[in-house]
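Novice: Before anything else, here's the structure in question.
The values are calculated or read from the model by the stated rules, or taken from the named source; none is laboratory data. Fair warning: this is a prediction, and the values are worked out from it, not measured in the lab. We place every Cβ from the backbone using ideal geometry, glycine too, and count neighbours over all the protein chains shown. Protein only, heavy atoms only, side chains kept; ligands, DNA and RNA dropped before computing areas. Shrake-Rupley method; radii C 1.70, N 1.55, O 1.52, S 1.80 Å.
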Amino acid sequence: MSRITARKRVTRITVATSRSVRDDLLAVEEPLEIRVGGNSLAITMRTPGNDVDLAAGFLVSEGVIARGDDFAAARYCAGATDEGLNTYNVLDVTLALGVPAPDPSLERAFYTTSSCGLCGKASIDAVRTTSQHAVHHDDLVLDPALLATFPDRLREAQDVFEKTGGLHAAALFDGRTGEMLVLREDVGRHNAVDKVVGWAVKEGRLPLSGTVLMVSGRASFELTQKASMAGIPVLAAVSAPSSLAVDLAKEVGITIVGFLRGQSMVVYSRPERITEPAPAPRETVSAP
């Protein structure tokens, strides 16, 4: 199995001070071909690890499956090279009996890069996928003080980022208790989210009502759509959302929180899910 990190020789330079050669750890990036029933569906660039989660989450995002019972099994394919070796970079998914095979129009014309989860879509219309898990009526109400703790907890749990500084992260929190349910890292932010959703598929947790998806970067259209497909009512990010992400969030009923840093945040949609901050206690002055 490929490692998550790789050691490479680098030259470290400090301007007008020093120059040294040393080994450094880099995050690994390799292709993963996702097949369904033996037929190739997509190739994505990812960090190896939690590949079954990635495939399951990807299938949710594409509307192929909608719950854990739809996903039967997955296995790495032998004979992935001309020499018949298993590279652990080809994963074949078996859907449950009665679950339709993916529409041929979903097949990606080319691979998905680590920076883009929509690359290879056959048409603009194919970008929009309808979720089976509506979140408009999700009654989650969040304490902003609890929400403000999520970025630091996400960062503290990023083991591979601590070593390489080169991975995105996504974590799923229980919006009522604040419990971190799962965290995944990957060179692609969309892959990290797919790995989180895929974990939920395997655990039989879809739809993910009452949860918060916390991401280490920005809130893009594709991440908002992935949250919608999994039934996640709140998407929080340490950076800004895009305009299209906010438009989609308003349309499907997702709360988007951006610039979640320290004790401040900006709510772009469905702000009623975030409670009013508690008023500061007034100072009392004793009568002379």
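Novice: Which condition does Gly204 not pass, out of (1) surrounded by 22 or more Cβ atoms within 10 Å (Cβ to Cβ); (2) in contact with a Gly (Cβ under 8 Å, 6 or more places away or on another chain), if it passes all the others?
Specialist: With respect to (1) surrounded by 22 or more Cβ atoms within 10 Å (Cβ to Cβ); (2) in contact with a Gly (Cβ under 8 Å, 6 or more places away or on another chain), Gly204 is out only on (1).
Novice: Give the residues of segment 236-251 that are within 14 Å of Thr129 (Cα to Cα) and open to solvent by 30 Å² or more (accessible area, probe 1.4 Å), sorted by residue number.
Specialist: Correct list: Glu251 only.
To keep it simple, each residue is scored yes or no on (1) modelled with pLDDT of 90 or more; (2) out of contact with any strand residue (DSSP E or B) (no Cβ under 7 Å at 6 or more places or on another chain); (3) of a type outside the set (Asp, Glu).
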residue	(1), (2), (3)
Arg12	no, no, yes
Thr17	no, yes, yes
Ile43	yes, no, yes
Ile65	yes, no, yes
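Novice: Could you please find all residues in segment 272-288 being modelled with pLDDT of 95 or more and open to solvent by 80 Å² or more (accessible area, probe 1.4 Å)?
Specialist: Within segment 272-288, Glu272 is the sole residue that qualifies.
Novice: Given (1) of a type in the set (Val, Ile, Thr); (2) open to solvent by 40 Å² or more (accessible area, probe 1.4 Å); (3) touching a Ser or Thr at 6+ places or on another chain (Cβ under 8 Å), identify the lone condition not met by Val197.
Specialist: Val197 satisfies every listed condition except (2).
Novice: Please name all residue pairs, on different chains or six or more residues apart, with Cβ atoms under 6 Å, provided the first residue is in segment 206-226 and is farther than 16 Å from Asp53 by Cα and the second residue is open to solvent by 10 Å² or more (accessible area, probe 1.4 Å) and part of a strand (DSSP E or B).
Specialist: That search, which allows pairs on different chains as well, returns Ser216/His168; Gly217/His168; Ala219/Pro241.
Novice: Mind listing whichever residues of segment 193-225 are modelled with pLDDT of 95 or more, out of contact with any helix residue (DSSP H, G or I) (no Cβ under 6 Å at 6 or more places or on another chain) and over 23 Å from Gly253 (Cβ atoms)?
Specialist: Lys202, Glu203
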